[in-house]
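So the structure is just underneath, and the comments pick up after that.
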Amino acid sequence: MNEIKRIELRSADLGEGMLVKRALPSRHQRMVGAWCFLDHAGPVSFAPGKGMHVGAHPHTALQTFTWLIAGEVLHKDSLGNELIIRPGQVNLMTAGRGIVHTEDSVENGGRLHAAQLWIALPEELADCEPDFAHYPELPVWHSRGVQHTLLAGAYGDLEAPTAVHSAMLGMDLFSEKGGTVNLNLNPDFEYGFLPLTGRVNVAGETYTPDEFAYLEKGSKCLVMALSADSRVLLLGGLPFDAPVQMWWNFVGHSKEAIAQAQRDWEMGDARFGDVSTAAGVAPRLMPPPLPWK
């Protein structure tokens, strides 16, 4: 197994008692395969009357991948989709040339724990038509005290139903009382893992939810010892030829593409539709000024 690089997470307080820790991108590692963004939200128990409420915002050239561990979140988008995601389920929204969505806690004062990821679309699909899919059932198996959930890609004879467009892997590992895993890796993939709860030991080193671990391509196996009540998110994929450009909620394969998307969003261009609510149209969040011209 290759040497593991530790990357300290950055924290941000989004208000209402909600703390988010960012693993990707960082100045130490931009991507893991096509995975270009990873936020760990919670676990948090909101105060009475409080909850997560994210206003209407756009995306381009990516897929948003929501893995919900605890709580319930209402998704609404500019395609007219409205759906509640529950624990153990995945929402996969394909932005393509442009999509808009909102995310809200179903019940204020409840609990929330989730991983929010983005998958960069290949350049030839960056401007595809937007889409949304919900996956309530995923492949699950148990071994050596660990529950494995295949979120994306294939492992052994199993294949996740999530419709992604790059060679990749996403897997959730959970152990209630402690256990071990011995995973076969694809040596053509780069990998990263993030403890979401508890601790994990790899090659005599302990990793906690405050750090992301990265492995360059070339490794063929990964042995992990999980502590009691621990959960680990494992990501992998073929390295991109070059990292994508990212700014605010936009992904693109050039700065020009992102600048155009931001101009279109600010001017209310038809490529970014409205999100309907009971009170009318959801107010739009506005981005900060571009860091380049």
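The values are calculated or read from the model by the stated rules, or taken from the named source; none is laboratory data. If you're wondering where the values come from, they're calculated on a predicted model, not measured in any experiment. Here the Cβ is made from the backbone with ideal geometry for all residues, glycine too, and neighbour counts use every protein chain on show.
A few points about this structure:
- Residue in segment 195-206 that is under 17 Å from the mean Cα position of the chain (by Cα) and hydrophobic (A, V, I, L, M, F, W, C) present: yes
- Test: residue in segment 251-261 that is part of a loop (DSSP other than H, G, I, E, B), touching a His at 6+ places or on another chain (Cβ under 6 Å) and within 19 Å of residue 287 (Cβ to Cβ): no
- Residue 249, sole failed condition from (1) within 23 Å of the chain's Cα centre (by Cα); (2) surrounded by 13 or more Cβ atoms within 10 Å (Cβ to Cβ); (3) farther than 25 Å from residue 69 by Cβ: (3)
- Within segment 202-219, being crowded, with 19+ Cβ neighbours inside 10 Å and within 18 Å of residue 38 (Cβ to Cβ) holds for 207, 209, 212, 213, 214, 215.
- Positions within segment 1-40 being part of a loop (DSSP other than H, G, I, E, B), crowded, with 18+ Cβ neighbours inside 10 Å and either touching a Gly at 6+ places or on another chain (Cβ under 6 Å) or among the polar types (S, T, N, Q) (or both), in sequence order: 33, 34
- The number of residues in segment 160-213 being among the acidic types (Asp, Glu) and closer than 19 Å to residue 42 by Cα comes to 4.
- Only a single criterion out of (1) of a type in the set (A, V, I, L, M); (2) surrounded by 17 or more Cβ atoms within 10 Å (Cβ to Cβ); (3) part of a loop (DSSP other than H, G, I, E, B) is not satisfied by residue 222, namely (3).
- Test: residue in segment 118-139 that is within 19 Å of residue 215 (Cβ to Cβ), at pLDDT 95 or above, crowded, with 16+ Cβ neighbours inside 10 Å and among the small types (Gly, Ala, Ser): no
- Segment 175-201, subset over 18 Å from residue 116 (Cβ atoms) and aromatic (Phe, Trp, Tyr), residue surrounded by the fewest Cβ atoms within 10 Å (Cβ to Cβ): 189
- Meets criteria (polar (S, T, N, Q), at pLDDT 95 or above and surrounded by fewer than 18 Cβ atoms within 10 Å (Cβ to Cβ)) for residue 260: yes
- Residue match in segment 201-211 (condition: of a type outside the set (D, E, K, R) and in contact with a helix residue (DSSP H, G or I) (Cβ under 7 Å, 6 or more places away or on another chain)): no
- Any chance residue 216 is modelled with pLDDT of 95 or more, of a type in the set (Asp, Glu) and more than 27 Å from residue 171 (Cβ to Cβ): no
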